[in-house]
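A.B. asks: Pasting in a structure now, in structure tokens, and then I'll have a few things to ask.
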Amino acid sequence: MKRDQRSKLETTSWLAVVRAYQECNRRYAQLLKCFDLTIPQFDVLNAVRQLGMDATPRAIADELVVTRGNITGVLRRLQERALLDTRHHEYDGRSFVCILTPGGERLLDEARLAAARFITAQLEPFASRELQETERQMNRMRLHLQSMNPDEIARALPVRSRTAGKEAANR
């Protein structure tokens, strides 16, 4: 395959992955909106359930691979809606543990059931072998992305290319 053909294929393949992810995310958000939840709220509720009595804000953030600052507002909104409560940490008096309220438990159970049905419906047209191949390819891509250094790629460009965007923004 010629370089220009390969380059076009790389671009169209990348765009296909991005568009599929964006559409999936949009539809998933739409589903969770039926439960008056956002994706981050659903993720936090799931993390609290999974972590149990270890569900400190730091542990929740670590579980979701975000900063504590990212979940502070989410935790506050879930508390305001009486879906989460907090208790002082058993061993660390300076920290607190998040727990699901009975209403939070019920809502999470319903939303999880809907999410499972969403995933089943989303993947229904694909054969098991296609799902296995997709999982293999996406795991391979994720590992490759983790090995890349975007800063090095940018530094490999001529200085003029890296500063062109800054110059245009300053005009």
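A.B. asks: Taking only DSSP H segments of four or more residues, each worth -39500 (n - 2.57), what value at 222 nm results for the chain once the sum is divided by all its residues, to the nearest 500 deg cm²/dmol?
C.D. replies: On the way: 8 runs with 125 residues, N = 171.
That comes out to -24000 deg cm²/dmol.
A.B. asks: Efficiency by 1/(1 + (r/R0)^6): what FRET value for Ser128 and Asn25, r their Cβ-Cβ distance, R0 = 22 Å, to the nearest 0.05?
C.D. replies: That gives a FRET efficiency of 0.35.
A.B. asks: Across the chain, what fraction of all alpha-carbon pairs, as a whole percent, falls in each successive 5 Å bin from zero upward?
C.D. replies: 1, 7, 11, 13, 14, 13, 11, 11, 8, 7, 3, 1, 0
A.B. asks: State which helices in the chain qualify, where a helix is a whole DSSP H run, it must extend 30 Å or more along its own axis by its Cα atoms, and its mean Kyte-Doolittle hydropathy must be at least -0.5.
C.D. replies: Passing helices, by number: 102-123.
A.B. asks: To continue, here is another question. At a threshold of 8 angstrom on Cα-Cα distance, excluding pairs fewer than six apart, so keeping six or more, what relative contact order does region 81-129 reach in percent?
C.D. replies: 28 percent
A.B. asks: Return the FRET efficiency for the residue pair His89, Glu135: r is the Cβ-Cβ distance, R0 is 25 Å, and the value is rounded to the nearest 0.05.
C.D. replies: Given R0 = 25 Å and the Cβ-Cβ separation, E is 0.10.
A.B. asks: How far apart, in nm, are two points set 7 Å out from the Cα along the Cα-to-Cβ line at Thr12 and at Phe118?
C.D. replies: Between Thr12 and Phe118, the label points sit 3.1 nm apart.
A.B. asks: Consider a paramagnetic label point 7 Å from the Cα of Val65 along Cα→Cβ; state which residues of region 111-139 have an amide N under 13 Å from it.
C.D. replies: Those under the cut-off are 139.
A.B. asks: Counting other Cβ atoms within 10 Å of each Cβ, which trypsin sites (Lys or Arg not before Pro) in region 1-105 have at most 10 and sit in a DSSP loop?
C.D. replies: Lys2, Arg94
A.B. asks: Accessible area per residue for the chain in Å², computed with a 1.4 Å probe and the full protein assembly in place, what is it? Don't skip to the end; give the middle numbers.
C.D. replies: Details: 12920 Å² over 171 residues.
Normalised by residue count, the accessible surface of the chain is 76 Å².
A.B. asks: Take every Cα-Cα distance within region 82-123, group them into 10 Å bins from 0 onward, and report for each bin the whole-number percent of pairs it holds.
C.D. replies: Histogram of Cα-Cα distances, whole percents per bin: 28, 30, 25, 14, 4.
A.B. asks: Cα centroids of region 63-77 and region 15-41: how far apart, whole angstrom?
C.D. replies: About 19 Å separates the Cα centre of region 63-77 from the one of region 15-41.
The values are calculated or read from the model by the stated rules, or taken from the named source; none is laboratory data. Everything quoted here is computed from the prediction, not taken from an experiment. All Cβ positions, glycine included, derive from the backbone under ideal geometry; neighbour counts span all protein chains shown. For the accessible areas, the whole protein counts, side chains as well, though only heavy atoms, and no ligand, DNA or RNA atoms are used. Shrake-Rupley method; radii C 1.70, N 1.55, O 1.52, S 1.80 Å.
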